[in-house]
Amino acid sequence: DLLDLSKIEAGKMTLHYTFFDIRRLLDEIRNVFSLRVTIKGIGYIEKLDKQFPAEIKFDEVRLRQILINLVGNAVKFTHHGEINIVVKCSNMVDNKENPSMRLEILVKDTGIGIPESSFRLIFESFRQHSQLDSRKYEGTGLGLAITKRLVEAMKGNISLKSNVGRGSTFKVVFPHVEYSEVNSNAITSPYMPEFKTERDNKTGAEGLNDRNHINAAEEKLDVHIFRNSDFSHLIRCFETELTDQWKLFEKKQPLREIQSFAQEIINQGKSFKIGFIQQYGEQLLATIEN
Ligand code: ADP
C-alpha cells in the first residue's frame, strides 16, 4: 500500500485501459470475500444494471483494487446485516465511434458507520477515525487514501454517506467510460454464475436515509443474490462426508467409487458455482478415466 501511495503521489502511476466484462470482476471480488462473509454470517448482495454493456474500457487492475478496498472495509466493519454492491450505468451515449456511459458503483453496508466529523479524515493517509478500537480493527489507514487517489486519477469521484451504528455507503462515479456491446472474450467460463432477475424488496442498508429512493432506482437492476447459508452447507459437506470418503479411498483406491466421488465434487462445484471445485472434480475424473 505504501509503495502504491508513493507511486501515485509521485505521479508515476501508469493506467492501462482495456476492454473487459465487469461481471467477471464481480465474480472475483465475491470469491475473495465469500469465506469471510460466511464466517461473519452477513449477507452479500450484488446488483447489476440490466442494460449494463458487455464490456467497459477501464483499468481493470485499478478498479479491482478500488473494489477490494471498499468491499474489504464493508466486510471488516459490518457485524450484522449485509453488504450491497450496486453497479449502474446511465447517460449512455451510443455514438458509433466510441460509445460512452456514466459508471456508478455503490458499496453499502449495515456496519458500525462513520461519524460525519471523520468523513474527510478517513480519506487521508494513515488515518483511522479516532473512536475506533485499533486492536479490534487492525489496519494501516491507507486503503481509502489510495482508493480516493486512484478514483481521481481515473477522472472519477468518491463520496460517502453514513449514519453511526447503521451503516455506510461509499459511492464511486466515473462520468465518462467507454463501452462496447461486443464481448471480446466470447468463450465464457463454464462456471459463470447466472444472473437471476429478482425484485429486491426486503434488502437495502437498513435505516439509511435514502433507502426508499435507492430501492426505487434499483428496480431495473439485475440482481444476483449469493446466500451465506449455502456456503456453510458446502463447507460442512466437504468437512464431513467427502473427507470421510477420501480417507477410505486413500488406502484402497477403488476406481469406481472415486469416479462417483469426483462426480459429486463436480456437482457441488456446479451447483455452488465455484469454478475451482468443479475443475478439481473434472481433473480427478479425467485421471481415473485414464
Ligand atoms: P484501514 O481500514 O486500513 O484502517 P482505510 O483507509 O481503508 O484504512 O480506512 C480508514 C478508516 O475509515 C478505517 O480505519 C475506519 O475507521 C473507517 N472506515 C472505512 N470504511 C468503513 C466502513 N465501511 N465502515 C466503517 N468505518 C469505515
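Every number in this text was worked out from the coordinates using simple rules, so none of it is lab data. Keep in mind it's a predicted model, so treat the numbers as computed, not measured. Here the Cβ positions follow ideal geometry from the backbone for every residue, glycine too, while neighbour counts run over all protein chains shown.
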Stretch gain in nm, segment GLU257-LEU3, where the contour uses 0.36 nm per residue and the Cα spacing is subtracted: 86.3 nm
Neighbourhood charge, 9 Å Cβ-Cβ cut-off, centred on PRO175 and excluding it, Lys, Arg +1 and Asp, Glu -1: +2
Loop-located GluC sites (Glu not before Pro) in the stretch 83-120, at most 14 other Cβ atoms within 10 Å (DSSP): GLU97
Tensor-based shape of the stretch 1-52 (alpha-carbon gyration tensor, a/c under 1.5 rounded, otherwise prolate or oblate): oblate
Length released on extending from ASP94 to SER117, taking residue separation times 0.36 nm less the Cα-Cα span: 4.1 nm
Residue list for the stretch 26-59, given a label point 7 angstrom along the Cα-to-Cβ vector of VAL182 and an amide N cut-off under 20 Å: 52-59
Euclidean distance of C-alpha centroids, the stretch 73-97 and the stretch 43-67, integer Å: 7
Global form of the stretch 52-92, assessed from the alpha-carbon gyration tensor, a/c cut-off 1.5: oblate
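Please give the FRET efficiency for SER34 paired with ALA10, using the beta carbon to beta carbon distance and R0 = 41 Å, rounded to the nearest 0.05.
The formula returns an efficiency of 0.70 here.
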Fewest-first sequence of ASP109, ASP59, ASP4 by Cβ atoms within 10 Å of each Cβ: ASP4, ASP59, ASP109
